[in-house]
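One structure is given below, encoded as structure tokens.
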Amino acid sequence: MNIAIIGSGGREHALCEKILESKKVNKVVCIPGNGGTEKIAQNLKIDILDFPVVLKNIKKLKIDLVIVGPEEPLVYGIVDFLRKKKIKVFGPNKFAAKLEGSKGFMKNLCKENNIPTAGYKICKKMSDIKLFVKNNKFPIVVKADGLAAGKGVVICKNLMQLNNVSKQIFLGKFKSSKKLVLEEFIDGEEASYFLIVDKNNFSFFGTAQDHKRVGNGETGPNTGGMGAYSPAPIISKAIEKKVLNKIIKPTLNFFKRKNKHYTGFLYAGLMIKHNEPYLIEYNVRMGDPECQVILPRIKSELINIIENAVENNLKKIKINWFKKICMTVVLCSKGYPGTYKKNLIISNLEKIKNKKNVQIIHAGTLRKKKKFISNGGRVLNITALGENINEVKKKIYKLLKNINWKDGFYRTDIGWRLFKK
Ligand code: AMP
Ligand code: GLY
């Protein structure tokens, strides 16, 4: 089989590594890919939002199946576009992708289907804000309605901040949204729950916990994720049952009733408070870096799972898991999530040999003149699989010391919750 993976992050490099484990895969093309995928697959530098160009190349390269990594092409309808042209593609359709593409759509769906989530109000102008503020205590969460590359959420401590943040959104700070959602703040422990979904069924695809703040001890500004581990101990069997019955099933049934079935990966961002799960967000894709810690725990062939999902045959297969812990620590470029330099050489990377159960997953890298250079804020994901958290942590931080990248930094306390338990 020839596979195309759309995207260029750590998630896509991890997908590429896992798919290449299968003997039935001849070729993987990463569109556009990164420095890591270039070493193991073919990179193709084209615009992933230019669907006709993507189609032309997929046909030329005789691709049998397309896997879409990031949210943007999904929200803009790449799946509908390729399906119409008879290309096999894994991911949700444009309507279903609104779960991530519009916070307002997701919140209204929750309300109509009694899904537990934070109280909210969709606002179109400043005067809409007043009533919500009157009836709710601070902090209040402000969310841009549309895609904002992880930068659209601010937890506001007071009215002045809320007014400022709201004004900026109404003035068009995020091109994708002139609307916003105000939300009640839920104080709990965050965890992510993943599924793979076809027209008729779904299968469990792991749990994980991310570390969103840039600094040790959960301090400093929010980031795309500084490290993660899987599984998430907070999601007990009892919590999982509630997640499935109160959140996932009502959501998937909503799309079935509309005859716009949800298919693809589904990522439920949860807040657990007093043993009750609340839906904070839906993402219509795998998480990044959560994908990097879930895939190494899967014993079954990934391509076989995805093929069965595309054929609506998930019911016929069982996904087997290693009973192990996986963790990743993100090596960032100094300055991230603020301004940082690009095109910095990561000189020691070339010398480091791959070890069993330790992976260097590339995120923001490129390969130029046989050297790896940085091309983003989150640059590498150092990932290890093991029997316990101590072993895994030791392997990761040892490797980070060996990489010894002078232009980079990382958090040294990833996985702290696991040491407390
Ligand atoms: P989102 O993009 O909706 O996931 O929001 C980004 C982050 O903001 C989440 O991962 C949470 O840490 C936090 N957050 C979002 N909504 C809420 C809420 N209603 N209560 C508490 N924290 C929230
Ligand atoms: N790590 C958070 C996300 O992928 O949205």
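The values are calculated or read from the model by the stated rules, or taken from the named source; none is laboratory data. These numbers were taken from a predicted model, which means no experiment stands behind them. Cβ placement follows ideal geometry from the backbone for every residue including glycine, while neighbour counts extend to all protein chains displayed. When the accessible area is computed, the model is the full protein with side chains, heavy atoms only, and any ligands, DNA or RNA have been set aside. Shrake-Rupley method; radii C 1.70, N 1.55, O 1.52, S 1.80 Å.
How many angstrom lie between the C-alpha centres of region 95-117 and region 253-272?
9 Å
Could you rank the peptides 4-13, 130-139 by their average count of other C-beta atoms within 10 Å per residue, with the highest value first? Display every interim value, and only then the final one.
On the way: 4-13: 27.5, 130-139: 12.9.
The most tightly packed comes first, giving 4-13, 130-139.
Assign unit charges at the C-beta atoms only (+1 for Lys and Arg, -1 for Asp and Glu), then state the dipole size of region 285-328 relative to its Cα centre in Debye, rounded to the nearest 20.
Dipole magnitude for region 285-328 comes out near 300 debye.
How much space per residue, in cubic angstrom, does the convex hull of the C-alpha atoms of region 120-164 take up?
In region 120-164, the Cα convex hull volume per residue is 76 Å³.
Considering only protein heavy atoms and a probe of 1.4 Å, how much of the accessible area of the chain is carbon and sulfur, as a whole percent?
In the chain, the share of accessible area belonging to carbon and sulfur is 51 percent.
Any chance you could look up the accessible area of D50 with a 1.4 Å probe, heavy atoms only, rounded to 10 Å²?
In the full protein context, D50 sits at about 60 Å².
What shape does region 338-408 have by the C-alpha gyration tensor, where a ≥ b ≥ c are the square roots of the eigenvalues, rounded means a/c under 1.5, and otherwise prolate means a/b greater than b/c and oblate the rest?
Numbers: a/c = 2.32, a/b = 1.76, b/c = 1.32.
Verdict is prolate for region 338-408.
Mind checking the dipole of region 1-68: about its Cα centre, +1 per Lys or Arg Cβ, -1 per Asp or Glu Cβ, Debye to the nearest 20?
The dipole of region 1-68 has a size of about 280 debye.
Positive end of the dipole of region 240-340, charges at C-beta (+1 Lys, Arg; -1 Asp, Glu), about the Cα centre: which of T328, C291, Y262 has its Cα farthest in that direction?
The one lying farthest along the dipole's positive direction is Y262.
Beyond 29 Å between alpha-carbons counts as too far, so tell me which of K334/K395; K88/K356; K134/K242 fall in that bin.
Working: K334/K395 23 Å; K88/K356 33 Å; K134/K242 32 Å.
Flagged as over cut-off: K88/K356; K134/K242.
Could you order E218, E184 by accessible surface area, starting with the largest, using a probe radius of 1.4 Å?
Heavy-atom accessible area, descending, gives E184, E218.
Using packing as a proxy for protection, rank 228-236, 39-47, 256-264 so that the peptide with the highest average count of other Cβ atoms within 10 Å comes first.
So the peptides 228-236, 39-47, 256-264, ranked by packing, come out 228-236, 256-264, 39-47.
Can you give me the solvent accessible area of Y397 with a 1.4 Å probe, rounded to the nearest 10 Å²?
Counting only protein heavy atoms, Y397 exposes about 40 Å² to solvent.
Where a ≥ b ≥ c are the square roots of the eigenvalues of the C-alpha gyration tensor, would you call region 83-163 rounded, which needs a/c under 1.5, or, failing that, prolate if a/b is larger than b/c, or oblate?
On the way: a/c = 2.96, a/b = 2.15, b/c = 1.38.
Taking the square roots of the gyration eigenvalues as a ≥ b ≥ c, region 83-163 is prolate.
With runs of 4+ DSSP H residues as the only contributors, calculate the mean residue ellipticity of the chain at 222 nm using -39,500 (n - 2.57) per run, divided by the residue total and rounded to the nearest 500.
Details: 15 runs with 123 residues, N = 421.
Helix contribution divided over all residues of the chain: -8000 deg cm²/dmol.
Let me make sure I get this right: for the chain, a, b and c are the square roots of the gyration tensor eigenvalues over alpha carbons, sorted descending. Under 1.5 in a/c it's rounded, otherwise prolate if a/b > b/c, else oblate. Which is it?
Numbers: a/c = 1.40, a/b = 1.19, b/c = 1.17.
Here the chain falls in the rounded category.
Rank F419, F174, N390 by how far each Cα sits towards the positive end of the charge dipole of the chain (+1 on Lys, Arg Cβ; -1 on Asp, Glu Cβ) and give me just the farthest.
Projecting each Cα onto the dipole axis, the largest value belongs to F174.
What aspartates and glutamates could a cross-link reach from K60, if we take a straight Cα to Cα line under 18 Å and drop same-chain neighbours fewer than 8 places away?
Hits, sequence-local ones excluded: D47, D50.
Assign unit charges at the C-beta atoms only (+1 for Lys and Arg, -1 for Asp and Glu), then state the dipole size of the chain relative to its Cα centre in Debye, rounded to the nearest 20.
Using Cβ point charges on Lys, Arg, Asp and Glu, the chain gives about 600 debye.
Hey, if you put +1 on the Cβ of every Lys and Arg and -1 on every Asp and Glu Cβ in the chain, which of L147, H362, V243 ends up farthest toward the positive end of that dipole?
H362
Leaving out ligands and nucleic acids, note down the accessible area per residue over the chain with a 1.4 angstrom probe, in whole Å².
It amounts to 46 Å² per residue over the chain.
Which whole-Hz couplings ³J(HN,Hα) result when phi for each residue of region 224-235 is put into the Karplus expression 6.51 cos²θ - 1.76 cosθ + 1.60, θ = phi - 60°, listed in order with x for Gly and Pro?
So the Karplus estimates, Gly and Pro as x, are x, x, 9, x, 7, 9, 9, x, 9, x, 5, 7 Hz.
Hey, if we sort M1, M106 by accessible area with the 1.4 Å probe, largest down, what's the order?
The residues order as M1, M106, largest area first.
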